[in-house]
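A single structure is presented below for examination.
What follows is calculated from the coordinates using simple rules that are stated; it is not laboratory data. Remember, predicted model here, so these are calculated numbers, not experimental data. So basically every Cβ, Gly included, is an ideal-geometry build from the backbone, and we count neighbours across all protein chains shown.
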Amino acid sequence: MAKKKPARSKSKAALRKVVKLASRKPASKLKAKAPVKAKINGHGLPKPSSKPFGKDGKALDGIRILDFTHVQSGPTCTQLLAWFGADVIKIERPGVGDITRGQLQDVPNADSLYFTMLNHNKRSITLDSKSKQGMKVLERLVKSCDALVENFAPGALDRMGLTWERIHQLNPRIVVASVKGFGPGPYEECKVYENVAQCAGGSASTTGFRDGPPLVTGAQIGDSGTGLHLALGIVCALFQRNRTGRGQRVLTAMQDGVLNLCRVKLRDQQRLAHGPLTEYSQYGENIPFGAATPRAGNDSGGGQPGWILKCKGWETDPDAYIYFITQAPVWEKICELIGKPEWKTDPDYAKPPARLPRLKHIFNTIEEWTMTKTKFEVMELCNAVDIPVGPILSMKELAEEPSLRETGTIVEVDHPTRGKYLSVGNPIKLSDSITEVTRSPLLGEHTDEILSKVLKFTPAEIAEIKASGATGEAPKAKMAAE
Ligand code: CAO
């Protein structure tokens, strides 16, 4: 039997073509043999756009997301993808929608800020995924999307009939991305909300004061933090798909996401085996360490001691405080500023190890100085000499901060039923993919256009889908006839 010639690898052929193109020279210079580059970064890419930055579309143009998310973690992820230009189609249960539409409502009969601030730039279709016609629409969506994103309770997608195997069979190129509370293990079946994740991921046990109970933080590291992790996973999976041609599953467990953000506390857990954590104020207070990383109050998580100090007005303003870091290289400047020049040479204060056992006294002394100034005055005086400090900014102050408006980090959005409101815009700025924040969709606002324009159902098919009640209450005449 004749030996079959091995098929030439596609990637090798593509590479050869690129190398050929890269080494193409004007005819006048073709005499000398052009050097062949083995592999160049960005091979296979089109030539750099000549359009001005910000005028050549968006990073994720052409990517369509089947957004089966609700509450906060999943919607955070899909909102980011939408801000980068993906066409995000949010599927919501007819008549109800994402439960957050009606949670913490401040304006009667209008979508809540909880919902509107997590669902910008998306389209909404109402669909009962448990009905026959609903599943027909859903399957067509699966076939036409690049990623399905969901954060249902464990097993819910499977119970709908959308197992990974089924989805992959319908569309082998689709990425299926999920947020779950826990990864595989003893808790994988559990439903999880933000604070559960903060507690299970190591944040609560390391937050708060040593002599008080564990604390949850206001930052939504379990929900929004995990949504951020998931978005990166999806973009990576889409990137890998460019090479492999196939989709894959992406899982981010909220416990894992929180633990990732608490990385420095696992660092400290291991350091405990080699002695006390000298940068923790507990050390300076001669309080022995236990078996686990303790809560450290407002101690800095890094190698430079820090603490929150009162500023002028603290008696009446709950946010008149500043975070003060005694960074070693600027210690002498700190001593000058607070009126303690003798500390520069005093062996009890001059070097960082000498300061560690007396941090409480040091911060009390610095506080005597900060209390004579507003947090903004401290900020100005310290930054002028490179001393890192952080004013405790209230949400009111942030909402009114002009520079955040200018960068689009705080945006004002108009909404047909609730009017104007403030939101946090895209915190990730790309110079060639500029984010415009548009309002969240009303429930089912885009059902018709998605059925006809995206999924190309015929008018007769759309009538059949609607009459079945799969997209909402079925038309009355039809219902009566059934
Ligand atoms: N049509 C028909 N049914 C639908 C539907 C639709 N369009 N959309 C959702 N459903 C159904 C689901 O199929 C599920 O039904 P079954 O339980 O019968 O399979 C049901 O609605 C409820 O889904 P759920 O269990 O996910 O919702 P819940 O309110 O009970 O739980 C939550 C909410 C967040 C605890 C759970 O979804 C979860 O643990 N998610 C993973 C972790 C996560 O993301 N948590 C963060 C939430 S933000 O704080």
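Would you kindly state the longest site-free stretch of the chain, with sites defined as chymotrypsin sites (Phe, Trp or Tyr not before Pro) in a DSSP loop (not H, G, I, E, B) surrounded by at most 14 other Cβ atoms within 10 Å?
That would be 210-482.
Something else about it: Among 45, 426, 129, whose Cα sits farthest toward the positive end of the charge dipole of the chain (+1 at Cβ of Lys/Arg, -1 at Cβ of Asp/Glu, about the Cα centre)?
The residue sitting farthest along the positive end of the dipole is 45.
Quick one: dipole size for the chain, taken about the Cα centre, charges +1 on Lys/Arg Cβ and -1 on Asp/Glu Cβ, in debye to the nearest 20.
Charge dipole, the chain, about its Cα centre: 4500 debye, nearest 20.
Just add up the charged neighbours of residue 65: K/R +1, D/E -1, any other residue whose Cβ is under 12 Å from the Cβ of residue 65.
Counting the neighbours of residue 65, the net charge comes to 0.
Under a plain spin-label model, where a point goes 7 Å from the Cα along Cα-to-Cβ, how far apart in nm are residue 158 and residue 267?
It is 3.8 nm.
In addition: For a label point 7 Å from the Cα of residue 173 along Cα→C-beta, name the residues of segment 236-266 whose backbone N is under 18 Å from it.
236-249
Segment 169-262: which GluC sites (Glu not before Pro) are DSSP loop and have at most 15 other beta-carbon atoms within 10 angstrom?
Those satisfying the criteria are 188, 189.
Net charge within 12 Å of residue 121 by Cβ-Cβ distance, Lys/Arg positive one each and Asp/Glu negative one each, not counting residue 121 itself?
+2
If you don't mind, there's one more thing I want to ask. By how many nm would the segment from residue 436 to residue 189 grow when fully extended, if each residue of separation counts as 0.36 nm and the alpha-carbon distance is taken off?
Here the segment from residue 436 to residue 189 would lengthen by 85.1 nm.
First check a/c for segment 93-187, with a ≥ b ≥ c the square roots of the eigenvalues of its C-alpha gyration tensor; if it is under 1.5, answer rounded, and if not, answer prolate when a/b is larger than b/c or oblate otherwise.
Prolate.
Quick one: 3J(HN,Hα) in Hz for segment 406-417, Karplus 6.51/-1.76/1.60 with θ = phi - 60°, rounded, Gly and Pro as x.
With coefficients 6.51, -1.76 and 1.60, one gets 5, 8, x, 6, 10, 10, 9, 10, 9, 9, x, 9 Hz.
Assuming R0 = 25 Å, can you tell me the calculated FRET efficiency for the pair residue 344 and residue 384, based on Cβ-Cβ distance, to the nearest 0.05?
The value I calculate is 0.85.
So for the pair residue 396, residue 414, with labels modelled 7 Å out along Cα→Cβ, what separation do we get in nm?
About 2.9 nm, to one decimal.
Between residue 368 and residue 274, how high is the FRET efficiency from 1/(1 + (r/R0)^6) when r is the Cβ-Cβ distance and R₀ = 51 Å? Nearest 0.05.
0.90
Roughly what would the spin-label model give for residue 358 and residue 304, points 7 Å off Cα along C-beta, in nm?
Once both label points are built, they end up 2.2 nm from each other.
Per residue of the chain, what 222 nm ellipticity follows from adding -39500 (n - 2.57) for every DSSP H run with n ≥ 4, rounded to the nearest 500?
Mean residue ellipticity at 222 nm (helix-derived): -9000 deg cm²/dmol.
Next up: Go through segment 39-124 and name the trypsin sites (Lys or Arg not before Pro) that are in a DSSP coil and have 16 or fewer other Cβ atoms within 10 Å of their Cβ.
Answer by residue number: 39, 55.
For residue 166 and residue 473, what does the FRET efficiency come to when R0 = 25 Å and r is the distance between their Cβ atoms, rounded to the nearest 0.05?
That pair, residue 166 with residue 473, gives E of 0.30.
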